Amino acid sequence: MTNTYELAQFHFSSQLPIQHWINKIPINDSDTIIEIGPGKGEITKTILELAKVVKCIEYDETKRNDLEALSKENSNLKVFFSDFTKFQVFDEDYIVVANIPFNLTRKIFENLLFQKYIPTSIYLVLQKEVVAKVCQVKKSNLLSTFLQTFYVTRPSMNFTRKDFIPTAHVDVQSISMTSKKIESNRSERKLYFKFLKKVFENSDKPLKARIKKIISHHQTKVLFKEFKLTDETIPQQLNAEIWWKIFNNIKPFIK
């Protein structure tokens, strides 16, 4: 197993910042919580008091004794030792609360959105720069567009670098994501992400040439007229709502 420091994961140095953060999250006694990378259970101990069920997915085997001991003390805790980027969640209604390894942020987001049932809400501790990118509105990017299609995203709480062990070498912030309840299935979301990857490649260049590789010249002309796009339109100028509409318009032609 890989050392958590190598995974760029910074564990909280005390319960105080954890308590301040969790107090901002609406958790009730009927909720199922998925926690990714719980470590020794610093966050777990707090959310166990609030939720009906807490399911922890931990990759690091060196944390097994701590988490299994915590599980024996709490009947509402279930622990899985697995790589979350490949983990399958079977719950239909659940909330994600986690302080994740920063270098796995994109892979974790992808796996969450590629589940059969996506979380009703997501609360993560991330690198502040990543939070800004995910919440970006005026100049969208691949990740912000994909996530904002299905979630309302907003920055939440700022942490100090000394709130973590080892001391964080980057600024850290939490993000709050609430589901928009967009109807979609796993296959659609995977195809949508594949589509976005194509159009956001060299995203500072005009969109038209890339769209014409997916649909015909005539279909492109009709599409651009319907969505009031121009020859100069670039992917970054369109918001997530427009992208989802465009995707559904040309979905049968995407391979």
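Every number here is computed from the coordinates shown, using simple stated rules; none is lab data. Everything numeric in this text was worked out from a predicted model, so none of it was measured.
For the cross-link pairs LYS116/LYS138; LYS107/LYS133; LYS107/LYS213; LYS86/LYS194; LYS212/LYS245; LYS198/LYS255, the ones whose C-alpha atoms lie over 22 Å apart are LYS116/LYS138; LYS107/LYS213. Its residues counted as N, region 108-255 yields a C-alpha radius of gyration over 2.2 N^0.38 Å of 1.16.
Here the Debye sum runs over all C-alpha atoms of region 11-179 as equal scatterers in vacuum, and log10 of I(q)/I(0) at q = 0.09, 0.13 Å⁻¹ comes out as -0.28, -0.59. Distance from the Cα centre of region 131-164 to that of region 83-104, in angstrom? Each part reduced to its Cα centre gives a spacing of 17 Å. Specify the angular offset, from 0 to 90 degrees and rounded to the nearest 10, of the alpha carbon long axis of helix 217-226 from the longest principal axis of the alpha carbons in the chain. Orientation of helix 217-226: about 70 degrees from the principal axis. Computed from Cα atoms alone, the Kirkwood hydrodynamic radius reported for region 186-253 is 12.1 Å. For region 186-253, what does the relative contact order come out to in percent, with C-alpha contacts under 8 Å and a separation of six or more? The normalised contact order for region 186-253 reaches 40 percent.
Phi angles of region 99-115 translate, via the Karplus equation with coefficients 6.51, -1.76, 1.60 and θ = phi - 60°, into HN-Hα couplings of 10, 9, x, 4, 6, 10, 3, 5, 5, 5, 4, 4, 5, 5, 7, 9, 6 Hz per residue; Gly and Pro are given as x. Compared with the dominant principal axis of the Cα atoms in the chain, helix 186-200 is inclined by about 60°.
Based on Cα contacts under 8 Å between residues 6+ apart, the chain shows a relative contact order of 17 percent. Close amide H pairs (under 5 Å, H built 1.01 Å from N) link MET157 with SER174, residues at least 5 positions away or on another chain. Compared with the dominant principal axis of the Cα atoms in the chain, helix 240-250 is inclined by about 60°.
Converting phi to 3J(HN,Hα) with the Karplus coefficients 6.51, -1.76 and 1.60 and the offset θ = phi - 60°, region 11-17 yields 7, 5, 7, 7, 7, 4, x Hz in sequence order, with x at every glycine or proline.
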